[in-house]
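Any read-out appearing in this document is the output of simple, stated calculations on the displayed coordinates, not a laboratory observation. Note that the structure is predicted; figures quoted are calculated from it, not measured. Neighbour counts run over all protein chains shown; Cβ positions are idealised from the backbone, glycine included.
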Amino acid sequence: MAKHKQILLKNIREEGQHLLEKAESRGAYKVIRKALEMDPLKIIDEVKNSGLRGRGGAGFPTGLKWSFVPRDTGKPVYLINNADESEPGTFKDRLLLENDPHLVIEGMLCAAWALQSEWSCIYIRGEYAYPYTRVQAAIDECYEKGYLGENIFGTNFTHHMVVHRGAGAYICGEETALLNSLEGKKGQPRLKPPFPAVAGYYACPTVINNVESLSNIPFIIENGGEAYKSIGVENSAGTKLVSASGHINKPGIYEIEMGYPLMDFIEDECGGVRDGHNLLAVIPGGSSVPVMRAEECKGVNLDYDSMKNAGSSLGCAGFMVMDDSTDVVEAVLNLSHFYSHESCGQCTPCREGGHWIEKIFRRIAEGNGMPGDLKLIESLCNQIGGHTICAFGDTMVLPYRSFIQKFEKEFKERISNVLKGVEHERVPMDFQSELVSIGSAH
Amino acid sequence: MGFSISEKARQRLEELKKRYPKPQSAVMSALYIVQEEHGHISDEAIDWISGEVGLKPVHVLELATFYTMYRRKPLGKYHVQVCRTLSCALCGAKKLMEKMQERYGIAPGQVSEDGMFSYEYVECLGSCGTAPMCEINDTYFENLTPEKFEELLVRIEKEQPDLSLSTIEGKLGEGLSGCPKSEVM
């Protein structure tokens, strides 16, 4: 198995790493002391040079994002750590928050100094109750020790940190929906511009970064941007946490160096596909990226460019594996229920179109598909993508289109069987709550 | 009927309001606090929260219906949320759902006769590597099989552990002895 540099998971399996004393004995809060002696602009330069790209899924360069923050508005600057991890297939941030919260806090403090921000917030999804208690306990320890609050580490710098719990809305992972939610509103995305860097939380300059992105910052400051850039491949610097799940022998979270071959990852890290089965397909970046058939995975590497060239996306590396026992029609129906349930309801194409597509996938799965159904779905996808305020609509159509395109035979066969009078014995993958949804996004 | 809430809950909300640049940011915490004391969010609660955080009642109501973790009606003492999204579905979540129906004879959203259990199917809980799984109140139970799930339900019926996160105390319940609160490793 390839040896990968461990930046984020270096201490994650060490006993008591969530406690300040233990984390500090392994080097935590060493870098922030160094950072506080550095020129904040120099830190932004280092992060720019490092090539670090946002780990939440969009891959926007982190240093560049920081450099958009105006420094002379007289308004406070806010830093938000997006811990609303809700993308199906993704569970990496939870690991960091639970088991190395001080790494996350130190990364945030470094970012806060660079941005000259005196207030930051970790927006954590409501269901992450245990990680919430771990992070809050870590913050409490920091306040006690003088690592948070007034004059931290004996400097003139003041910084306060708050943990804010979401309440079950996937869309709050979208940065402007998150801001609305944090302002006490429904989590519905805002039109951009203005971008959050200019007018974010309560119309003040705001930077929103993913947990994993921020956790890379201490390494970059300690070793320099060049050192970070030397790991991984061109345009994809550093390491990446991959959340691996589905039909594999060893699901879990792996820190790999960018550019690692996808098939090696499945064979070595994931321990291969379940015994007695063959690989059918992979959704490599979380549910909102195009699915890849087994034969497309060969020769592809886990980095932004290689995945893009292969017609999919690294996203946030929520790596879901399906073996040949999977009914692809049921799989995409499962995802379509997710998207129709999680649409925030603000834009008509997404709110209505999402439900419509789910209904069509359901009738195909049930063996009641109609001859024009695939064209109808394509037409709906065209009406949703590009016609909504946020990227939810754009990304929802990616799995739909790719599933139909790459498994056309399966879809067509299911539909033509209806005409031939061939009874389809359905094996549903789960129960979708057409029944009742107790709470509902809209 | 008037609205009542403990002094402790009141104080906690005051403390949380001070953490933000504006008190209205604490509205989500206020909803959690009320839900914790009353089991659900009533119209009276919405009026009270509205006064506390300085938002219109209709605005607070909007939040109580938008966010799925807030309840407008009482649920079972133990509310079981079975994850139904892709990774869990691939790994057999359906069998857990069947167990739930079989054992309690109720549909999602209904409460068992003794008021002890209710359940629903929820979207991805970020536990895909330990699928299938469920969340009971605020505690995760991962790497389940139908058999393990049934044992778990039997134990909960008998031992009645605290599985909830208290916003007022800032603490997660003890959980079930011998069951880790997280298996993400």
Query - the range B:7-66: equivalent-ellipsoid semi-axes (sqrt of 5 x gyration tensor eigenvalues, Cα, Å) - result: 16, 14, 9
Query - For the range A:250-375, alpha-carbon Rg relative to the globular expectation (2.2 N^0.38 Å, N residues) - result: 1.18
Report summary line: Per the rule of 0.36 nm per residue minus the C-alpha distance, extending residue A:158 to residue A:3 adds in nm 51.8 nm
Query - Globularity ratio of the protein assembly as shown, using Cα Rg and 2.2 N^0.38 Å - result: 0.93
Query - Tail fraction, Cα-Cα pairs, the range A:72-138, threshold 17 Å, whole percent - result: 44
Query raised in the report: Which part of the range B:115-132 falls in the paramagnetic zone of residue B:95, meaning amide N under 18 Å from the point 7 Å along Cα-to-beta-carbon?
Result: B:128-132
Requested in this report: Divide, for the range A:1-100, the radius of gyration over alpha carbons by 2.2 N^0.38 Å, where N is the residue count.
Outcome: 1.28
Query raised in the report: Of B:103, B:71, B:155, which is the most mobile in a GNM of chain B whose springs link Cα atoms less than 10 angstrom apart?
Result: B:103
Query raised in the report: If we restrict to alpha carbons, what Rg and Dmax does the range A:288-442 come to, in Å?
Result: 15.9, 46
**Report entry** Nearest-ten-degree value, helix A:348-365 long axis tilted from longest Cα axis of chain A
**Finding:** 50
Query raised in the report: Counting other C-beta atoms within 10 Å, which of A:206, A:176 has the fewest, and how do the rest follow?
Result: A:176, A:206
Query raised in the report: Cross-link partners among aspartates and glutamates for residue B:18, C-alpha distance below 19 Å, same-chain residues fewer than 8 apart left out?
Result: A:118, A:140, A:144, A:150, A:183, B:7, B:52, B:169
Report summary line: Counting only backbone N atoms under 12 Å from a point 7 Å out along Cα-to-Cβ of residue A:144, the residues of the range A:18-41 in range are A:19-22
Query raised in the report: Roughly how many nanometres apart are two label points built 7 Å out from the Cα toward the Cβ at residue A:41 and residue B:148?
Result: 5.5
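Exceeding 20 Å between C-alpha atoms, which entries from my cross-link table qualify? They are A:3/A:240; A:229/A:250; A:42/A:308; A:48/A:229.
A:229/A:250; A:42/A:308
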Query raised in the report: For the residue pair residue B:56 and residue A:376, what label-to-label distance in nm results when each label sits 7 Å from Cα along the Cα-to-beta-carbon direction?
Result: 3.9
Requested in this report: Largest first and to the nearest Å, give the Cα extent of the range B:78-172 along each principal axis.
Outcome: 36, 31, 22
Query raised in the report: In vacuo Debye scattering of the range A:328-420, one point per C-alpha: log10 I(q)/I(0) at q = 0.11 Å⁻¹?
Result: -0.27
Query - Alpha-carbon radius of gyration plus Dmax, which is the widest Cα pair, for the range A:232-323 in Å - result: 11.7, 38
Report summary line: Expressed in Å to one decimal, the Kirkwood Rh of chain B from all distinct alpha-carbon pairs is 17.6
Report task. Name the residue, out of A:50, A:336, A:325, whose mean-square fluctuation peaks in a Gaussian network model built on chain A with Cα pairs under 10 Å. Result -> A:325
Report summary line: Projected onto their principal axes, the Cα atoms of the range A:20-229 stretch, largest extent first, over whole-Å spans of 40, 38, 33
